[in-house]
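Before any comments, here is the structure.
The values are calculated or read from the model by the stated rules, or taken from the named source; none is laboratory data. Keep in mind that what you see is a predicted model, and the values were worked out from it rather than measured. Cβ sites come from the backbone with ideal geometry, for glycine too, and all protein chains shown count toward neighbours. Please note that ligands, DNA and RNA were not included when accessible areas were found on the heavy atoms of the full protein model with its side chains. Shrake-Rupley method; radii C 1.70, N 1.55, O 1.52, S 1.80 Å.
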Amino acid sequence: MILYTKDISDNIRNSIKDEIIQYTKNFRAPHLVVVLVGTDSASIKYVNAKKRACEEIGIVSSVIELESDISEKHLLAEIEKLNCDEGVDAILVQLPLPKHINTNTVIMAINQKKDVDGFHPHNVGHSLLGLDCITPCTPKGIMRLFDAVGYDLEGKNVVIVGRSNIVSKPLIGLFLEKNATVTITHSKTRDLKQHTKKADVLVVAVGKAKLITSEMVKEGAFVVDVGINVMENGKLCGDVDFDNVYEKCAFITPVPKGVGVMTITMLLYNTMLLYKNNLENFNRNKI
Ligand code: NAD
């Protein structure tokens, strides 16, 4: 079955929208600020998609556009301003950043209570320990898919291809919490097929079109294709050779209309969580 995620996503977005309608009877709307450094066309596209999604459900979103040659010091000062601004609930620094800026330093500068991407070490650590935190959007969106279709992960062999901090590593903790057996593979893994062939659940987050071919996939697998690749004709495709793989899968997420939609939905969800947390603190301070 091809798992188009629009309906799952719409359900979540509609319930966030309803919550916002209730909250804004008494309070200001949630506010997400996206910091965009430079003019990378893919980044601009992603930022615009996030902005549109916010507007549709009543989240206020602002974009701070900074020159690509901005110094790290100046960028950190911009983030500190947002950290101190009580009218800002959520901060997202669009990645990748220009090479002269240390991404980790920037991520760590974001107040963990406004870290909507969940990339701050505080949130990463809490997530791994199963404690309350903001979980990164793509992994969180992927886990929602299993819930939505009622797929039980207990005892399943999960193989993740890729070892990124933003997708693959957070997934390890989330799958373990569901009692799955998790294997991580990456660019130095020998004989990738030997691992992927055993996967009941195969998550691919690499960025190489058609890396996963039909003979690498087990019959009846649940395949989650995270990759986004732009083809020569300008169309998007994932990391899985979709046309030759989908028939043997119990479920497979397409690209586009799959994981990417869930990522944006979870950004809205995380913004709402931070907003509610911010309001609670505000009310506590008033008392
Ligand atoms: P990344 O780009 O940081 O790293 C790629 C990973 O792939 C590395 O860990 C590397 O070890 C592994 N790799 C490279 N070649 C390999 C090979 N031949 N075999 C096995 N592993 C190999 O990872 P990322 O940031 O998770 O991004 C991966 C892809 O997912 C990209 O296409 C990105 O655009 C996409 N992505 C999509 C979403 C979404 O919402 N759909 C979100 C994040 C990332």
Segments 43-49, 167-173, 138-144 sorted - mean Cβ within 10 Å per residue, highest first: 138-144, 167-173, 43-49
Cβ-Cβ FRET estimate between LYS17 and LEU279, R0 fixed at 25 Å, reported to 0.05: 0.90
Share, in percent, of DSSP beta bridges within the chain that are antiparallel, nearest 5: 5 percent
Most mobile of GLU55, GLU78, GLU232 in a GNM of the chain (Cα contacts under 10 Å): GLU232
Probe 1.4 Å, accessible area per residue of region 40-147, Å²: 50 Å²
Cα-based shape type of the chain, given that a ≥ b ≥ c are square roots of the gyration tensor eigenvalues and the cut on a/c is 1.5: prolate
Cα gyration tensor shape of region 159-201, rounded if a/c is under 1.5, else prolate or oblate by comparing a/b with b/c: oblate
Electrostatic dipole magnitude of region 27-111 [Cβ: Lys, Arg +1; Asp, Glu -1; Cα centre; debye, to 20]: 220 debye
Carbon and sulfur %, accessible surface of the chain computed with the full protein complex present, 1.4 Å: 51 percent
Potential lengthening between ASP191 and ASN244 on full extension [0.36 nm per residue; Cα-Cα distance subtracted]: 17.0 nm
Cα gyration tensor, region 39-142 - rounded (a/c under 1.5), prolate or oblate: rounded
Among GLN94, ASN83, TYR23 the positive-end extreme of the charge dipole of region 1-120 (Cβ point charges): TYR23
Set of lysines with alpha-carbon distance to LYS50 below 18 Å, sequence-local pairs under 8 removed: LYS6, LYS17, LYS114, LYS140, LYS257
Separation in nanometres of the label points that stand 7 Å from Cα toward Cβ, at THR39 and VAL63: 1.3 nm
